[in-house]
4 protein chains.
Amino acid sequence: MVYGWDADQGGAVTRDLEDLKGILPPIPTPFDRRGSFARDRLRDNFRAWNRHALAGFVVLGSNGEGVLLSPDERLDVLRAAREDIPDARWMIAGTGCPSTRETVELTRHAARIGANAALVLPPSYYRGRMTREALVRHYAAVGDAAEIPILIYNMPACTGIDLDAGTLVAIAAHPNVVGIKDSGGDVVKMGAIIGALGPGFRVLAGSAGFLLPALAVGAVGGVLALANIAPAQCLSIYDHFVSGRAAEAAELQRRMIPVNTAVTHRWGVAGLKAAMDLLGWQGGPVRAPLVDLTRPEVEELAVILQDGGLGEGEKGGR
Amino acid sequence: MVYGWDADQGGAVTRDLEDLKGILPPIPTPFDRRGSFARDRLRDNFRAWNRHALAGFVVLGSNGEGVLLSPDERLDVLRAAREDIPDARWMIAGTGCPSTRETVELTRHAARIGANAALVLPPSYYRGRMTREALVRHYAAVGDAAEIPILIYNMPACTGIDLDAGTLVAIAAHPNVVGIKDSGGDVVKMGAIIGALGPGFRVLAGSAGFLLPALAVGAVGGVLALANIAPAQCLSIYDHFVSGRAAEAAELQRRMIPVNTAVTHRWGVAGLKAAMDLLGWQGGPVRAPLVDLTRPEVEELAVILQDGGLGEGEKGGR
Amino acid sequence: MVYGWDADQGGAVTRDLEDLKGILPPIPTPFDRRGSFARDRLRDNFRAWNRHALAGFVVLGSNGEGVLLSPDERLDVLRAAREDIPDARWMIAGTGCPSTRETVELTRHAARIGANAALVLPPSYYRGRMTREALVRHYAAVGDAAEIPILIYNMPACTGIDLDAGTLVAIAAHPNVVGIKDSGGDVVKMGAIIGALGPGFRVLAGSAGFLLPALAVGAVGGVLALANIAPAQCLSIYDHFVSGRAAEAAELQRRMIPVNTAVTHRWGVAGLKAAMDLLGWQGGPVRAPLVDLTRPEVEELAVILQDGGLGEGEKGGR
Amino acid sequence: MVYGWDADQGGAVTRDLEDLKGILPPIPTPFDRRGSFARDRLRDNFRAWNRHALAGFVVLGSNGEGVLLSPDERLDVLRAAREDIPDARWMIAGTGCPSTRETVELTRHAARIGANAALVLPPSYYRGRMTREALVRHYAAVGDAAEIPILIYNMPACTGIDLDAGTLVAIAAHPNVVGIKDSGGDVVKMGAIIGALGPGFRVLAGSAGFLLPALAVGAVGGVLALANIAPAQCLSIYDHFVSGRAAEAAELQRRMIPVNTAVTHRWGVAGLKAAMDLLGWQGGPVRAPLVDLTRPEVEELAVILQDGGLGEGEKGGR
């Protein structure tokens, strides 16, 4: 399967879906002291990320505070990321919005800016009415309109909707819906949808806490907040698994769980950004209503990072 | 307590909070066949609503599909409602957005357009991090910036956050947070916050299913989807209660439950709009990802409306 | 409707279901220091309860730690209660067990001991398979076998099952299922089932926190943990409501909420027993795995009781 | 670590905890047509199970309908199983009861009958009060009193309690609490507790749907309903994993998911027993309130079994 984006916008970029595998960080959006997008800080982070063998990047995901940005800011961040992401790597844009028409529009913009795929949250405000039929229609409308392939973004912690296997299989019947980032952590469901849809449907673990178990049932990689600060470790889990080193993979997987919990479930984006600051990356403040970590929380986080073996060295690559 | 909005925009409108009581419909936003805001259909609905002794209206609430409208559309709907709502009645604008800064901005616009109060949803995308402190900060920021009083909008079915009594009392410490529309249905909590904050804090039932029980513990009225199609019945429950006719109030309350369930939990906005069409109001289509009722669903709804004693007469007033 | 229990066991006791209304405490089971049933302590409590106009008592409910008693202990407690409860008042026995056959057996024992009705929890261990059909069958089997009328005991906080209105109406189709103690607090559901089944189906509020709202929609009384320590106050809320004193009822209802929360949701049976000790009743220890309140918790509870206006005088009647 | 049971009861059985690994079916309790324990049917099943390299058996677990048996029946089933289980294999008895004292008593009986370990559910009726402290006390009391090692049984689908990692680590501080059967399916938690407690703490997957992912993070085996009807397949997943055949393990894991779902989440014990009947084992009826599968459900199940490649051959061993 090969997809391209609108050739009129500057030349076709085609990308083989079989290459969509490995580790991709969902990058945070750095802000300056006044709370505006800090383009230079993002460039600084990319310089370090690009030294690692990351398969690509998700821009404007949950960790990118996408829902807290204005429409114009979203396009600014996408354009900046496009400049910094090498052509050989995936740029995946988070484009899910509350309405179908807004999602279509943002997905089109993302394609024209040069995203290679779109990651689309299920609309969730009217979750009581998001029947299987409503969701199938939504993704079909977006898939029909988009010049780039669509990945489903199952993120129950944020949307309050945990897409079940039957609904996912129904949505995936659309030819332009090609995979999923699943942050729910239900590895039975991951196994079930790979069993039903085959390995061509790209399943990516949505959190480093269950990267290895997801790989074990057939996932092809992960979109991992942890990969922002521990790219080498995330890549090692993946490499150990692919090379058949089960014990090494398990040991590293278990060691990463406390760190990962700190920058996801427990403290979320604010924790991730604080960890970046502690480790020499560009983290900076979150945008309200999110709240930055307190000083005691930062100190606790520093201990967790140290216990997990993370230091400034991660940024340099190894 | 008396609040006014920006005098520079056309003269001060002051409104006594003690008048915030009785029945207010959260109005749907009518669309035309192409899916655009149908201004004339809204006017037609207001002509009928204004024949009833409704205390006011909520614009851009959940039933108004506010989250599915573009920023410009939201202002268009607010301006249209302002034209159609008599000065003697409350116009309350739904202004909750994912980020604090966007909420502040929309609330300011609403005040300048002439809304008498703003109904503010808790931001919910990062619900795992919406601690009491984060929510208190958010409402304080909005309350500080707003020229009009703020009502909390507790709507767990849509936000996935059910604000607890302690958090509500903490948020209400801000002098510009003056009340709540509570759609959660927990009458113990309603009683607890009235007990803690006194009757000056305006508690409005968020659904007609529990209007009477809410009044029994001290709520002052209701913002009721049902009031869009059954204003006379909702007003009667309120009047029976206020006049001490407990048995009549209970009988009518119970009779309204199945109808109310149909246009709220079961079928939501699509059900409400279909009921409006059946009863001679201007309902029309919902916007995707919402899905209109199927024909068999409409037929089932018609039976429920009939069983509840609702007919076209409701529109005419009685 | 009139029900009697097995005449062969000592003379028929018939009781008119229309008399099932008002306030009934679900009594705790007192233990001595070694953890055995303290029969004399129970008698002491009954001496005080019987000075109040309570409609009756529930024995072996959740507050009676019924599930923590051995089969023999359960019968001992039922026999003791039967001795202490005046014939003119209701004795309702909690008889729900995990299996249908055990529930049938305990219900028969309770009837022979002299209980006037049985309060039956839905079996909940295999909750994923407790379909409407399974529950209808269970209650029908119990209702068929029982010589006394059956009340459904909806207690989601303990069973994890919140029986919906449709299931309740289906279960109530059995002629020997005559009412419900609903501890879920969903007053819309209470209104819906009274609307569907008529006032002959006896709906009792399961917690004092929502007594008044439940009465407002048509409940006939309440089975209230709070009535163990504040019988006069619970009776006053009921009397105010019945006599049309809405404001007095609301004020007292709101005042009781913090006390009620302390002895239910927050600290449960251990809180109730500690409150009894503080107020001059026979409380005593709970049975493991329940844990008694710590000293700081008892001190906090004492303040809550005082703020609610409760003192030793409650025990004396007034 | 080596544990023995009461030598006075017939000779010490010691068993090395390092041997607790591999696949163990949680066996159903067969009933005859009148609903009584069918001892002969159980023997027949054991004859077939014993032809497979199963590490042992769980008796009176959720699939054993333990909570639906009388105290005497439970001992009968334990004694029968003890006769049929070869000495070289583990016999683990489900002994969790609502009260601590009853759990202690049943655990002692189980040890004297010859169980090698006890699987103890958290008491769940008063789940709102099952704080970490209450649970630590409960397991400590049982661990102190038991002559056999204790395994925690985390079964949120039945208890409504999902023990978190911190609570599990706290409970495991007791020297006689040696492992867990985790049916919750949260592989992050499994990884976290193995990381915290080391591989000496025996983690067993509680359902075949996530056997492979659990093994990947360090679980040592599984207690799997599916192993009752597909012992060879469950053993193969385990063997493939241990031998480093990741792709074969994943393929078989994915193939087993639909079958496993049918006999667990979807239809539970009734589904498992129906599958046993279809595949030549002794299944038979469930006990009320459980409900046997309808004929159309049995037909659907037959197709699922066939699609999963299961036939009567499984019983014969291969």
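The values are calculated or read from the model by the stated rules, or taken from the named source; none is laboratory data. Computed from a prediction, not measured in an experiment: that's the story for all the values here. Here the Cβ positions follow ideal geometry from the backbone for every residue, glycine too, while neighbour counts run over all protein chains shown.
Which of the numbered conditions does A:Ile161 fail, given that it passes all the others? Conditions: (1) outside any helix (DSSP H, G or I); (2) more than 10 Å from chain B (Cβ to nearest Cβ); (3) among the β-branched types (Val, Ile, Thr).
Of the numbered conditions (1) outside any helix (DSSP H, G or I); (2) more than 10 Å from chain B (Cβ to nearest Cβ); (3) among the β-branched types (Val, Ile, Thr), the odd one out for A:Ile161 is (2).
With the checklist (1) in contact with a Leu (Cβ under 8 Å, 6 or more places away or on another chain); (2) crowded, with 19+ Cβ neighbours inside 10 Å; (3) more than 14 Å from every other protein chain (Cβ to nearest Cβ) in hand, flag the one item B:Gly311 doesn't pass.
Every listed condition holds for B:Gly311 apart from (2).
Are any residues in the range A:125-140 touching a Phe, Trp or Tyr at 6+ places or on another chain (Cβ under 9 Å) and more than 7 Å from every other protein chain (Cβ to nearest Cβ), and if so, which ones?
Hits for the range A:125-140: nothing passes.
Kindly indicate which of B:Leu290, B:Leu301, B:Leu278 is closer than 18 Å to B:Pro26 by Cβ and in contact (Cβ under 8 Å) with a residue 12 or more places away in the chain.
B:Leu290
Filter the range A:79-105 down to the residues that are surrounded by 24 or more Cβ atoms within 10 Å (Cβ to Cβ) and among the aliphatic types (A, V, I, L, M), then identify the one that is farthest from A:Gly206 (Cα to Cα).
Among those residues, the one meeting the criterion is A:Ala81.
Can you spot a residue in the range B:165-187 that is within 14 Å of chain C (Cβ to nearest Cβ), of a type in the set (A, V, I, L, M, F, W, C), farther than 21 Å from B:Thr95 by Cα and under 20 Å from the mean Cα position of the chain (by Cα)?
yes
Please specify each residue of the range D:147-164 satisfying the condition of being surrounded by fewer than 23 Cβ atoms within 10 Å (Cβ to Cβ), closer than 14 Å to D:Gly185 by Cβ and among the aliphatic types (A, V, I, L, M).
Answer for the range D:147-164, where residues must be surrounded by fewer than 23 Cβ atoms within 10 Å (Cβ to Cβ), closer than 14 Å to D:Gly185 by Cβ and among the aliphatic types (A, V, I, L, M): just D:Ala157.
Could you list all residues from the range D:164-199 that are of a type in the set (D, E, K, R) and assigned to a helix (DSSP H, G or I)?
The initial filter retains those residues of the range D:164-199 that are of a type in the set (D, E, K, R), namely D:164, D:181-182, D:186, D:189.
The one that is of a type in the set (D, E, K, R) and assigned to a helix (DSSP H, G or I): D:Lys189.
Output the number of the condition that A:Asp144 fails; it satisfies all remaining conditions of (1) surrounded by fewer than 19 Cβ atoms within 10 Å (Cβ to Cβ); (2) in contact with a helix residue (DSSP H, G or I) (Cβ under 7 Å, 6 or more places away or on another chain); (3) within 13 Å of A:Thr107 (Cα to Cα).
Looking at each condition in turn, A:Asp144 falls short on (2).
Does at least one position in the range B:126-133 carry a residue that is assigned to a loop (DSSP other than H, G, I, E, B), hydroxyl-bearing (Ser, Thr, Tyr) and either surrounded by 21 or more Cβ atoms within 10 Å (Cβ to Cβ) or without any contact (Cβ under 8 Å) to a residue 40 or more places away in the chain (or both)? First the steps, then the outcome.
Quick first cut of the range B:126-133, residues assigned to a loop (DSSP other than H, G, I, E, B) only: B:126, B:130-131.
Add one more test, that the residue is hydroxyl-bearing (Ser, Thr, Tyr), and what stays is B:126, B:131.
With the extra rule that they be either surrounded by 21 or more Cβ atoms within 10 Å (Cβ to Cβ) or without any contact (Cβ under 8 Å) to a residue 40 or more places away in the chain (or both), the set shrinks to B:126, B:131.
Yes - at least one qualifying residue is present in the range B:126-133.
Is it true that some residue in the range B:45-68 is surrounded by 19 or more Cβ atoms within 10 Å (Cβ to Cβ), of a type in the set (Ser, Thr, Tyr) and in contact with a Ser or Thr (Cβ under 6 Å, 6 or more places away or on another chain)?
Scanning the range B:45-68, I find no residue that is surrounded by 19 or more Cβ atoms within 10 Å (Cβ to Cβ), of a type in the set (Ser, Thr, Tyr) and in contact with a Ser or Thr (Cβ under 6 Å, 6 or more places away or on another chain), so the answer is no.
Among the listed residues B:Gly198, B:Gly143, B:Gly128, identify the single one that is under 18 Å from B:Arg15 (Cβ atoms), more than 18 Å from the chain's Cα centre (by Cα) and small (Gly, Ala, Ser).
B:Gly143
Return a yes/no flag: does the range B:217-234 have any residue that is of a type outside the set (Ser, Thr, Tyr) and more than 19 Å from the chain's Cα centre (by Cα).
The first filter runs over the range B:217-234 and keeps only residues of a type outside the set (Ser, Thr, Tyr), leaving B:217-234.
Okay, now just the ones that are also more than 19 Å from the chain's Cα centre (by Cα), so B:217.
Within the range B:217-234, one or more residues are of a type outside the set (Ser, Thr, Tyr) and more than 19 Å from the chain's Cα centre (by Cα).
Look at A:Arg74 and say whether it is at pLDDT 95 or above and surrounded by fewer than 16 Cβ atoms within 10 Å (Cβ to Cβ).
For A:Arg74, the condition - at pLDDT 95 or above and surrounded by fewer than 16 Cβ atoms within 10 Å (Cβ to Cβ) - is not met.
I'd like to check something: does the range D:288-297 contain any residue that is over 23 Å from D:Gly222 (Cβ atoms) and of a type in the set (Ser, Thr, Tyr)?
Looking for residues that are over 23 Å from D:Gly222 (Cβ atoms) and of a type in the set (Ser, Thr, Tyr), one finds at least one in the range D:288-297, hence yes.
Could you please give the count of residues in the range C:256-276 that are at positive phi and more than 8 Å from every other protein chain (Cβ to nearest Cβ)?
So the count comes out to 0.
Residue-wise test of (1) assigned to a loop (DSSP other than H, G, I, E, B); (2) more than 22 Å from B:Trp49 (Cα to Cα); (3) at pLDDT below 95.
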site: B:Val259; (1), (2), (3): no, no, no
site: B:Thr264; (1), (2), (3): no, no, no
site: B:Gln282; (1), (2), (3): yes, no, no
site: B:Leu293; (1), (2), (3): yes, yes, no
site: B:Glu297; (1), (2), (3): no, yes, no
site: B:Leu305; (1), (2), (3): no, no, no
site: B:Lys315; (1), (2), (3): no, no, yes
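Which residues, taken from the range B:209-255, are within 13 Å of chain C (Cβ to nearest Cβ), small (Gly, Ala, Ser) and assigned to a helix (DSSP H, G or I)?
B:Gly209, B:Ala214, B:Ala216, B:Ala246, B:Ala247, B:Ala249, B:Ala250
Can you find even one residue in the range B:181-190 that is at pLDDT 95 or above, in contact with a strand residue (DSSP E or B) (Cβ under 7 Å, 6 or more places away or on another chain), farther than 12 Å from B:Pro122 by Cβ and among the hydrophobic types (A, V, I, L, M, F, W, C)?
Scanning the range B:181-190 turns up at least one residue that is at pLDDT 95 or above, in contact with a strand residue (DSSP E or B) (Cβ under 7 Å, 6 or more places away or on another chain), farther than 12 Å from B:Pro122 by Cβ and among the hydrophobic types (A, V, I, L, M, F, W, C).
Can we say A:Asn116 is touching a residue at least 40 places away in the same chain (Cβ under 8 Å), surrounded by 23 or more Cβ atoms within 10 Å (Cβ to Cβ) and within 24 Å of A:Thr264 (Cβ to Cβ)?
On the way: touching a residue at least 40 places away in the same chain (Cβ under 8 Å): yes; surrounded by 23 or more Cβ atoms within 10 Å (Cβ to Cβ): yes; within 24 Å of A:Thr264 (Cβ to Cβ): no.
Answer is no for this residue.
Against the conditions (1) in contact with a helix residue (DSSP H, G or I) (Cβ under 9 Å, 6 or more places away or on another chain); (2) closer than 29 Å to D:Ser70 by Cα, where does D:Leu301 fall short? Just the number, please.
D:Leu301 satisfies every listed condition except (2).
Can B:Leu151 be described as outside any helix (DSSP H, G or I) and either more than 7 Å from every other protein chain (Cβ to nearest Cβ) or in contact (Cβ under 8 Å) with a residue 40 or more places away in the chain (or both)?
On the way: outside any helix (DSSP H, G or I): yes; either more than 7 Å from every other protein chain (Cβ to nearest Cβ) or in contact (Cβ under 8 Å) with a residue 40 or more places away in the chain (or both): yes.
Yes, satisfied.
Of these, B:Phe210, B:Phe201, which one is over 28 Å from B:Trp281 (Cβ atoms), without any contact (Cβ under 8 Å) to a residue 60 or more places away in the chain and not small (Gly, Ala, Ser)?
When all the criteria are applied, what remains is B:Phe201.
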